[in-house]
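All of the numbers you see were taken from the coordinates with simple rules; none came from a lab. Note that this is a predicted model, so its numbers are computed, not measured. Backbone-built Cβ (ideal geometry, glycine too); neighbour counts: all protein chains shown.
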Amino acid sequence: MGWLTLVNMYGVTKVYPGNVEALRGVNLNIDKGDFVFIVGPSGSGKSTLLSLIYRGTVPTRGHVLVAGRNVARLRWRDVPMLRRRIGVIFQDYKLLPDRSVYDNVAFALEVIEASPKEIEKKVPQALSMVGLAHKASAMPEELAGGEQQRVAIARAIVNDPLILVADEPTGNLDPDTTLDIMDLLCDINVRGTTVVMATHNHVVVDRMRKRVVQLERGMIVRDERWGAYCHEA
Amino acid sequence: MKLRTVKSLSGQAFRSLKKTPSVTSIIVVMACMLVLSSFMLVAVNLTRIGNEFQAGVQIRAFLSPDMPPDAVDRTHAAIQAIPGVASVKYVGKDEALQRLGKQLGENNFFLGDLPRNPLPESFDISLLRAADADRIAAAVLELDEVSDVRYAPKLVDRLVGVLRIFWVVTGIIAVFVLVGASLIVSNTIKLTVFARRKEIEIMKLVGATDAFILFPFVLEGIIIGLLGAGAAAVIVGAGYQGLAKWISSVAPFMPIVTDSGHLGLAIVIMLCFGAAVGLVGSNISTKRYLKV
């Protein structure tokens with residue numbers, strides 16, 4: 001792990017079928033330990049930019065390097081290895097409704113064939129980290145939205161990822177719960193995990209004063225080290 | 001993949017079999033396999049009949065009347081050396097006359113009045129394959145000592161043609177069975193895959209390999225294929241043995257295949273086909289969902 005920069009994007013353009021241009025010539029570096037907000041209106045390319053990091057998609061032109069590896073040139077069988085180093089959370093949590101909180105988190109370790117011993121050790125740690133150790137046996141439907149997002153975060157961090165990619169993780173949450181989730185993401189960042197988060201939430205971005213990358217029509221129009229949601233003249 | 005993982009994923013496959021309407025697929029696979037195996041067994045029997053017939057196909061080569069006596073052995077050796085010749089039997093003039101006498105039966109009285117034996121010396125040539133009759137006859141005719149050859153080329157051609165057509169039809173049916181039954185199995189697995197698409201998406205996002213995701217679906221497909229083929233094998237096994245016994249009793253001259261080796265081979269082919277149907281079917285249904 002000798003890199004200082006975890007994500008490098010050089011001249012990245014992404015065109016979807018139907019000639020829909022989601023990103024245009026994007027250049028972006030994200031360093032180890034950064035906390036980056038990706039902001040911009042709907043359709044500006046935020047989700048596309050995030051999915052390039054976990055190789056949910058590949059660039060039409062340009063290069064995306066994650067932890068020193070060009071994601072577009074990864075062999076198909078190497079993609080899972082990349083994803084094991086990246087935690088991903090979404091607005092809709094993506095939990096398995098027929099599994100308990102514990103099993104949802106353990107799932108991320110089971111699919112990478114972790115040993116039962118490792119699972120027994122890591123899952124309670126991740127649940128403690130997100131403050132849900134006491135709800136390990138609950139089912140997702142018994143939890144509030146914020147708690148469900150915490151389970152998703154626990155699942156994303158249980159494998160000690162280098163980067164946590166969050167696509168509007170507070171989009172479905174009330175303001176108080178949103179702040180709780182942001183505090184949790186800050187804790188995770190302080191422990192050394194790089195966090196890249198797409199959001200529409202002005203309050204969160206303005207309160208936290210982290211790096212802000214603003215996208216408009218697929219292009220980066222602002223990249224501020226300690227920015228606010230809107231440009232401050 | 002670790003043994004512990006294989007166990008856990010196999011459990012998933014068996015649980016899924018209980019939930020999806022797999023009985024319908026098993027019945028369809030069984031029906032397809034019954035058609036395929038029936039054709040296979042008919043083809044095997046026709047081939048046996050054909051082989052016996054081919055073994056009986058002979059070329060008769062007549063020798064020139066003015067041939068020196070030492071040429072018989074030389075010609076015998078030359079014919080025997082032609083590829084595809086099983087055996088060569090010399091028929092002298094006297095033996096040829098005796099044969100004719102037998103063929104004529106009561107009407108052979110005039111043979112004794114002949115001033116001399118008019119029949120030529122000949123060779124009866126047995127073939128390994130009837131399909132080679134034309135080529136061998138032409139090669140024999142090229143020998144200086146041979147004046148003429150006789151055989152039944154049209155009958156041989158027809159027999160070989162019918163056998164070839166039957167095996168081609170069996171092959172085409174095999175392809176249809178593979179494609180058709182695979183699509184049926186694929187549709188059943190699709191239901192499972194669709195029900196678990198969210199789980200598959202999460203698996204992909206947290207770094208599961210395609211092999212890990214595919215394993216339970218492929219196993220489910222193979223089990224459906226094997227159960228269908230196995231059921232068909234039981235029916236064919238029991239049914240064929242009964243039928244073969246009955247044919248042997250009412251028409252003992254028919255060379256029906258009754259040895260367990262052929263039947264066993266047919267069953268093994270059916271099971272392999274069943275497994276292949278499951279493998280292909282499950283791959284068709286899951287491929288789309290793996291592209292996350």
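Could you give the dipole magnitude of the stretch B:1-153 about its Cα centre, charging the beta-carbon of Lys and Arg +1 and that of Asp and Glu -1, in debye to the nearest 20? Walk me through the numbers on the way to the answer.
On the way: 17 positive and 16 negative charges, 474 e Å.
The calculated dipole for the stretch B:1-153 is roughly 2280 debye.
With springs only between Cα atoms under 10 Å apart, run a GNM on chain B and tell me which of B:115, B:255, B:65 wobbles the most.
Judging by the Gaussian network model, the answer is B:115.
Any idea how far apart residue A:187 and residue B:71 come out in nm if each label point goes 7 Å out from Cα toward Cβ?
Roughly 11.0 nm, to one decimal.
Using the charge dipole of the stretch B:101-211 (Lys, Arg: +1 at Cβ; Asp, Glu: -1 at Cβ; taken about the Cα centre), state which of B:194, B:139, B:108 has its Cα farthest towards the positive end.
Checking the options against the dipole of the stretch B:101-211, the answer is B:194.
FRET efficiency for residue B:211 and residue B:111, Cβ-Cβ distance as r, R0 = 60 Å, nearest 0.05?
The computed FRET efficiency comes out at 0.15.
Would you mind checking the tilt of helix B:22-56 against the longest principal axis of the Cα atoms of chain B, expressed as 0 to 90 degrees and rounded to 10?
10
How do B:207-213, A:222-228 rank on mean C-beta neighbours within 10 Å, highest first?
Peptide ranking by packing, descending: B:207-213, A:222-228.
Mean Kyte-Doolittle of at least -1.0 plus a Cα span of 27 Å or more along the axis: flag which DSSP H helices in chain A meet both, please. All intermediate terms of the calculation are to be shown ahead of the outcome.
Values: long enough: none.
Answer set is empty.
Please report, in debye to the nearest 20, how large the charge dipole of the protein assembly as shown is about its Cα centre when each Lys and Arg carries +1 at its beta carbon and each Asp and Glu carries -1 there.
Details: 58 positive and 49 negative charges, 316 e Å.
Value, rounded to 20: 1520 debye.
Starting from the Cα-Cα distance between residue B:287 and residue B:150, subtract it from 0.36 nm times their residue separation and give me the gain in nm to one decimal. Write out the running numbers ahead of the final one.
Details: separation 137, 0.36 × 137 = 49.32 nm, distance 6.16 nm.
Using 0.36 nm per residue and subtracting the Cα-Cα distance, I get 43.2 nm.
Set the Förster radius R0 to 60 Å, insert the Cβ-Cβ distance between residue A:141 and residue B:258 as r into 1/(1 + (r/R0)^6), and round the FRET efficiency to 0.05. Can you show the working numbers first?
Numbers: r = 63 Å, r/R0 = 1.06.
For residue A:141 and residue B:258, the calculated efficiency is 0.40.
Going by the alpha-carbon gyration tensor, a ≥ b ≥ c the square roots of its eigenvalues, is the protein assembly as shown rounded (a/c under 1.5) or, if a/c is not under 1.5, prolate (a/b greater than b/c) versus oblate? List each step's numbers first, then the result.
Numbers: a/c = 4.81, a/b = 2.99, b/c = 1.61.
Cα axes put the protein assembly as shown in the prolate bin.
According to a simple spin-label model (label point 7 Å from Cα along Cα-to-Cβ), what is the distance in nm between residue B:86 and residue A:77?
5.1
Working only with C-alpha atoms, what are the Rg and Dmax values of chain A, expressed in angstrom?
Looking at chain A, its Cα Rg and Dmax stand at 17.4, 55 Å.
So what is the calculated 222 nm ellipticity per residue for chain B, using -39500 (n - 2.57) for each DSSP H run with n of 4 or more, over all residues, to the nearest 500 deg cm²/dmol?
Numbers: 9 runs with 207 residues, N = 292.
Value at 222 nm, helices only: -25000 deg cm²/dmol.
How tilted is helix B:260-290 with respect to the longest principal axis of chain B? Cα atoms for both, answer in degrees (0 to 90, nearest 10).
So the inclination is approximately 40 degrees.
For the charge dipole of the protein assembly as shown, defined by +1 on Lys and Arg C-beta atoms and -1 on Asp and Glu C-beta atoms about the Cα centroid, which residue among B:33, A:72, A:153 has the Cα displaced farthest towards the positive pole?
Of the options given, the answer is A:153.
When the dipole is taken about the Cα centre of chain A, and only Lys, Arg (+1) and Asp, Glu (-1) are charged at their Cβ, what size is it in debye, to the nearest 20?
Working: 29 positive and 27 negative charges, 229 e Å.
Taking the Cα centre of chain A as origin, the dipole is about 1100 debye.
Pick out, from A:87, A:63, A:177, the residue whose Cα sits farthest towards the positive end of the charge dipole of chain A, with +1 on the Cβ of Lys and Arg and -1 on the Cβ of Asp and Glu.
A:63
Could you pull out every one of the lysines with an alpha carbon less than 20 Å from that of residue B:93, ignoring same-chain neighbours closer than 8 positions?
Residue B:93 reaches B:102.
Residue B:64 to residue B:99: FRET efficiency via 1/(1 + (r/R0)^6), r the Cβ-Cβ distance, R0 25 Å, to the nearest 0.05? Walk me through the numbers before you get to the answer.
Details: r = 20 Å, r/R0 = 0.79.
With a Förster radius of 25 Å, E is 0.80.
So what is the 222 nm mean residue ellipticity for chain A from helices alone, if each DSSP H run of at least 4 adds -39500 (n - 2.57) and you divide by all residues, rounding to the nearest 500 deg cm²/dmol? Please report the intermediate quantities before stating the final value.
Details: 7 runs with 73 residues, N = 233.
Calculated mean residue ellipticity at 222 nm is -9500 deg cm²/dmol.
If amide hydrogens are placed 1.01 Å from N in the peptide plane, which non-local residues have theirs closer than 5 Å to the one on residue A:219?
Here the answer is A:24, since their amide H atoms fall under 5 Å of that of residue A:219.
Measure off 7 Å from each Cα along the Cα-to-Cβ vector at residue A:230 and residue B:15, then give the distance between these two points in nanometres to one decimal.
For the pair residue A:230/residue B:15, the computed spacing is 5.2 nm.
Against the longest alpha carbon principal axis of chain B, how many degrees, from 0 to 90 and to the nearest 10, is the axis of helix B:153-195 turned?
Helix B:153-195 and the main axis of chain B meet at about 0 degrees.
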